[in-house]
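Derivation of every value follows stated rules applied to the coordinates shown; laboratory data play no part. Everything numeric here is computed off the predicted structure, so don't read it as measured data. Quick reminder, even Gly has a Cβ in these numbers, built from the backbone with ideal geometry, and neighbours come from all protein chains shown.
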Amino acid sequence: MSLSNSPASSLSRLLASTALLAASLSPAFAQTNDSGQEEAGGDDFHNDDAIVVTAPYLERLDILAGTSVLTGDQLTNDLRGQIGDSLTKLPGISSTSFAPGSSRPVLRGFQGPRVRVLTDGIGALDASNTSVDHAVTINPLTAQRIEVLRGPAVLLFGGDAIGGAVNVIDKRIPRDVPDEAFHIDAIAGYGSAANDYSIGGSLDVPLSDTLVFHVNGAYRDTGDTDISGFVLAPELRADVLAQVAEETEEGNLDEAAELAETADQQDTIANTASRTVSAATGLAYIGEGGNIGFSVSYYDTNYGVPARPGAEHAHGDEDGGEEEEEEGPVTIDLEQIRVDLRAGVNLGDGFFESLNLRAGYSDYEHTEFEGDEVGTVFTVEGIEARAELVQNERNGWRGVIGTQLLVRDFNAIGAEAFVPKNSVESIALFTIQEIDLGNFEVEVAGRYDSTDISSNIVSFDRSFDSVSGALGLAYAPDESGLKVGVNVSRSERAPSPEELLSNGPHIA
């Protein structure tokens, strides 16, 4: 795959090839019920109490204990402004929290490029994996369901998701036709710790028996975060007070006073306020033979990044001299415009049940301000697309075979441009298969990725081939619900551009 090809042309090749594959497999449509959903394995998860993993287009991944799901009242109770903070009550999950404005999930100790954060199976296509003070461009206030995937299921989304994947399902592309003249969902909340106000809502309007219009929006505003006691941890505060004594002894009274003020800060963490606005609109056709829909969404946030004594957003000068600290507090102003597509074709009763296509395009930019001055501008433009062929279940055997494409261009300009302009192109093949053998269940997954990472301005171009696989076996002796299982996996991933090209450490 040539890097000179545009993301749009790469996507068109992927969609064209999968469409030809589907046409050669079966021209027929499956029989559906009156609502337009497939009789088996329909994707209407709103009225199903079972834990159904929708993202991999498999009905259930319960062989291995690798799936956690937030939905309904539990999701409502745990919603926070950033996706990482919304998941911290689940086992094995923490977050990289930079106060209310930025929080990315940490799964079993893995973070950054080792954890994928997805919207309906497609990556967020932002800069959140570049640094933990960069926000994830997903607003949980508009989520209908959040899935945390581990084990073999993760191979559906990327070999780089060694720690796992977090998949947020929303209704920006409608999944079913409402029975009412219109359907409204709304949520509002308040948190006292940061004077946190939030509100979100969505509207679905059936334009016909098969056509649905959707619009949603959310707003969140927080102040600085209140805490109990000193801002600095005891050991860090002791270090700062020791510096106060040293500066005083040397006669640097202004520096000593500034350090003393830092050590005595308490009750409130300065520069942690945030404001977030998001909106999306979508249109979907849902018919007997399949479905197709698209959406356009906008995400805008402005938030502060709190400083740590001795570890501010400092950077070296152009000549590699002494580090200089910024003149004012660091704030980030972030915008993303995103276009999404989802389509599915029912293939009948043959070997394959359906062909599902999913694609997303993102135009992302955020500016880091140091006081009133522009420090660094980060931009990301990318397309991610995937196609899955879902197998009909036969004699206890079911599965999915698919391909995935990612094209991502990254650039950073300014004082903290610690990663040079670079491009990533990746294409993958994957499968996951489940076999029910009575009391025993077997799950097999495999994935192959071919990734090219290049940066023309530093004459860098490397390619990586990676293979990942997993095997699981479970035994259920009776109907009591007891299940004993074991799984073995080997995961391999290409390094991220940040791991290959970073010019020194980044303070976050």
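Per-residue Karplus couplings for segment 120-129, computed as 6.51 cos²θ - 1.76 cosθ + 1.60 with θ equal to phi - 60°, are listed in order as 6, x, 10, x, 5, 6, 10, 10, 5, 7 Hz, Gly and Pro entered as x.
Our coupling estimate for segment 202-216, obtained by passing each phi through the Karplus curve with A = 6.51, B = -1.76, C = 1.60 and θ = phi - 60°, is 9, 9, 10, 10, x, 8, 7, 5, 10, 10, 10, 10, 9, 8, 9 Hz, Gly and Pro reported as x.
Counting 0.36 nm for each residue step from residue 377 to residue 246 and taking away their Cα separation leaves a gain of 43.4 nm. Computed extension length for residue 78-residue 479: 141.1 nm, one decimal, from 0.36 nm per residue of separation with the Cα-Cα distance subtracted. Within segment 75-190, what percent of beta bridges assigned by DSSP are antiparallel, to the nearest 5? Looking only at bridges with both residues in segment 75-190, the antiparallel portion is about 70 percent. Residues whose amide H comes within less than 5 Å of that of residue 268, counting only those at least five positions distant or on another chain, are 227 (H built at 1.01 Å from N in the peptide plane).
For segment 344-359, the Karplus equation 6.51 cos²θ - 1.76 cosθ + 1.60, evaluated at θ = phi - 60°, returns couplings of x, 10, 7, 9, x, 9, x, 5, 9, 7, 7, 10, 10, 10, 8, 8 Hz by residue, with Gly and Pro reported as x. Projecting label points 7 angstrom from Cα along Cα→Cβ for residue 461 and residue 179 puts them 6.0 nm apart. The separation of segment 128-185 from segment 445-460, counted between C-alpha centres, amounts to 25 Å. For segment 331-410 versus segment 204-239, the inter-centroid distance based on Cα atoms is 23 Å.
Site pair residue 439 and residue 261 shows an inter-label distance of 7.3 nm when each label is modelled 7 Å from Cα along Cα→Cβ. Taken along its principal axes, the alpha carbon cloud of segment 390-492 reaches lengths of 63, 27, 18 Å, longest axis first. With each label modelled as a point 7 angstrom along the Cα→C-beta vector, the residue 393-residue 193 pair spans 4.2 nm.
For residue 392, the residues 5 or more places off, or on other chains, whose built amide H falls under 5 Å of its own are 352, 353. Residues whose amide H comes within less than 5 Å of that of residue 120, counting only those at least five positions distant or on another chain, are 168, 169, 170 (H built at 1.01 Å from N in the peptide plane).
At R0 = 51 Å, how high is the FRET efficiency between residue 253 and residue 207 if r is their beta carbon distance? Nearest 0.05 is fine. So, using R0 = 51 Å, E works out to roughly 0.10.
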